[in-house]
Amino acid sequence: MLSLSHRTKPVLFLAVALLMGFWIAGGGYAQDPEGGDSATASAEQPDATSDEAADESDEGTTELTGFRKWEAAIDAWIGKWLVKPMGDILFFNVYKYEAVDVNGETKTYGLPVVVVWLAGAALFLTFFFKFINIRAFWHAVRVTKGDYDDPNDDGEVSHFQALASALSATVGLGNIAGVAIAVGSGGPGAIFWIILAGLFGMTSKFAECTLGQMYRKIDPDGHVSGGPMRYLRDGLAEMKLGPLGVVLSILFAVLCIGGSFGGGCAFQVSQSKGLVLQQLNLTDSAWAPWAYGALMVVMVGIVIIGGIRRIASTAEKIVPLMCGVYVLAALIILATNFNQIPSAFYKIVSEAFTPQAGYGGFLGVLVIGIRRAVFSNEAGAGSAAIAHSAAKTKYAVREGVVALLEPFIDTVVVCTMTGLVIVITGVYDIGNFQESSSLIADGKGAELTALAFRQELSWFPVILTLAAFLFAYSTMISWSYYGERCFTFLFGTRTSMLYRVLFLVAIMMGALVHANNVKDFSDFLILSMAFPNLLGVLLMSGKIKSALNDYWAKYKTGEFVEYNKVQS
């Protein structure tokens with residue numbers, strides 16, 4: 001627990017309560033047709049002014065009564081005083097230029113500061129650690145499958161369970177819908193930059209999850225607490241930067257708690273509800289949202305009440321299933337169109353550097369690809385470090401090595417599968433598919449992906465609905481743990497159950513309430529986590545490198561025991 005004065009605690013508790021209040025007032029958000037994950041939807045249109053949304057909400061309040069009028073008024077206030085200022089900061093363009101888009105219209109393209117921060121840090125760390133994302137890849141696979149597992153190591157979950165828990169929070173419809181929008185607005189070349197950014201993002205995950213293990217706290221009862229809020233405070237204190245560390249740790253914890261109630265909870269149940277009810281033809285049923293919300297509350301509650309052990313146990317079953325179902329459908333299409341795969345890869349590579357007219361030029365395609373990658377895998381946000389800190393290991397670097405597999409699976413594998421299907425079916429080409437034009441313009445990535453799959457598999461909408469349900473469910477159980485660890489960091493372990501109850505309340509409200517600006521505010525909170533987290537990671541990169549060099553030397557000389565061989 002963070003050591004706070006009797007005056008500071010009430011202020012922090014009030015701040016968190018206000019964040020929770022915003023979500024209770026508007027946590028469900030409007031139905032997002034793209035079905036993106038937590039840090040995805042609003043990032044696609046950073047130039048859209050929140051003032052316009054606020055004005056629309058203000059106009060709507062005159063026609064609403066009772067609870068909906070109150071809800072719309074709060075949503076408008078959040079849009080004006082929170083969303084727009086945060087958006088202006090996060091999406092301040094460090095570079096702007098004009099180019100012609102796919103509709104032949106001249107548009108202003110830009111490079112947002114949050115993208116520069118995330119991508120720049122990943123690039124620096126990759127070179128600083130001498131491409132550990134490539135060097136340690138096979139070792140990461142072996143550690144994950146249990147070759148080095150020592151049952152006597154401190155921790156709560158296995159390496160695989162920690163990886164599954166973290167993946168369950170990042171693998172989502174944003175990987176499916178987001179890449180569709182990227183290809184639609186940037187052409188096939190955007191996939192190349194998505195893959196490249198995912199590869200560099202592997203190093204960011206490695207760095208933050210290594211720190212999570214280095215500064216984790218293990219209670220006498222065996223429960224583990226770790227993550228950015230701890231290594232920012234304790235790690236920077238060791239560097240004589242204690243005051244900065246305290247500020248950054250509190251900032252991260254508050255942002256993570258807010259993000260867990262919104263993007264990690266209410267938004268997930270809201271966007272999955274839309275697809276499920278549509279598939280069941282229940283969109284007009286007044287009782288359906290209540291039933292869906294109650295179902296999610298029960299399913300999530302059964303898991304999260306049991307803590308990280310039960311979360312990890314559930315995640316290790318759901319993650320392979322949800323990835324397998326989606327990837328299997330993609331592989332079926334790729335297998336039936338095997339002869340077109342080489343030409344699809346040629347388009348992806350060639351148009352990454354010389355894109356066709358209408359995609360904003362080389363820089364436009366590059367920025368679109370990088371944005372999709374950094375917003376889908378959350379590399380640099382620090383959330384995954386909370387899950388990986390609970391892994392059983394006596395080497396912090398070893399868990400960091402496991403964590404670098406996340407962006408590879410999340411971005412390189414899933415996004416590439418989606419991209420290949422979209423390129424091969426050609427649905428991104430508005431010249432051949434007229435309906436694609438409106439889908440791309442409206443940011444309806446999930447529908448564009450569904451259109452691509454439907455060209456070969458008429459039953460794919462059922463698969464997409466199942467994927468949406470599993471993605472939302474797994475994301476919620478993992479984000480509940482992230483938020484709980486930050487909540488108890490600020491207010492003590494005795495508040496753990498209070499947070500879980502509040503999280504379940506947010507699930508129900510997510511199924512019932514609608515508010516656009518609250519969704520955007522939640523997205524911004526999660527993106528904002530990258531600023532305090534990566535600042536601390538960069539400052540402590542020397543410590544990580546020292547630990548990495550020591551670990552890698554032992555690995556190369558064969559000092560580590562392979563317990564699978566010992567047991568056999």
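The values are calculated or read from the model by the stated rules, or taken from the named source; none is laboratory data. These figures come from a predicted structure and were not determined experimentally. Cβ sites come from the backbone with ideal geometry, for glycine too, and all protein chains shown count toward neighbours. In case anyone asks, the SASA skips ligands and DNA or RNA and just uses the protein heavy atoms, side chains included. Shrake-Rupley method; radii C 1.70, N 1.55, O 1.52, S 1.80 Å.
One table, with the values for the structure above:
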| read-out | value |
| --- | --- |
| Accessible area (Å², 1.4 Å probe, nearest 10) - Phe433 | 40 Å² |
| Relative packing of peptides 234-247, 193-206, 152-165 - highest average C-beta neighbours within 10 Å first | 193-206, 152-165, 234-247 |
| Largest to smallest accessible area among Val298, Val114, Val505 [probe 1.4 Å] | Val298, Val505, Val114 |
| Virtual spin-label span in nm between Gln340 and Thr283, 7 Å along Cα→Cβ | 2.8 nm |
| Residue-span extension gain [Phe92 to Thr106] - 0.36 nm each, minus C-alpha spacing | 3.0 nm |
| Sulfur and carbon atoms: percent of accessible area, segment 67-204 [1.4 Å] | 66 percent |
| Highest to lowest packing among 524-535, 328-339, scored as the average C-beta count within 10 Å | 524-535, 328-339 |
| Thr283 accessible area, assembled protein chains, probe 1.4 Å, Å² | 90 Å² |
| Protein-only accessible surface order, largest first, of Met497, Met296 at 1.4 Å | Met497, Met296 |
| Amide H partners (placed H, <5 Å) of Lys217, local residues excluded | Ser225, Gly226 |
| Distant-in-sequence amide H partners of Tyr109 (H built 1.01 Å from N, under 5 Å) | Tyr97, Glu98, Ala99 |
| Protein accessible area in segment 264-422, 1.4 Å probe - carbon and sulfur % | 69 percent |
| Computed lengthening from Leu123 to Leu498, 0.36 nm per intervening residue step minus Cα-Cα distance | 131.0 nm |
| Solvent-accessible surface (1.4 angstrom probe) belonging to Ile89, in square angstrom, nearest 10 | 120 Å² |
| Solvent-accessible ranking of Arg494, Arg230, Arg309, Arg216, largest area first, probe 1.4 Å | Arg494, Arg309, Arg216, Arg230 |
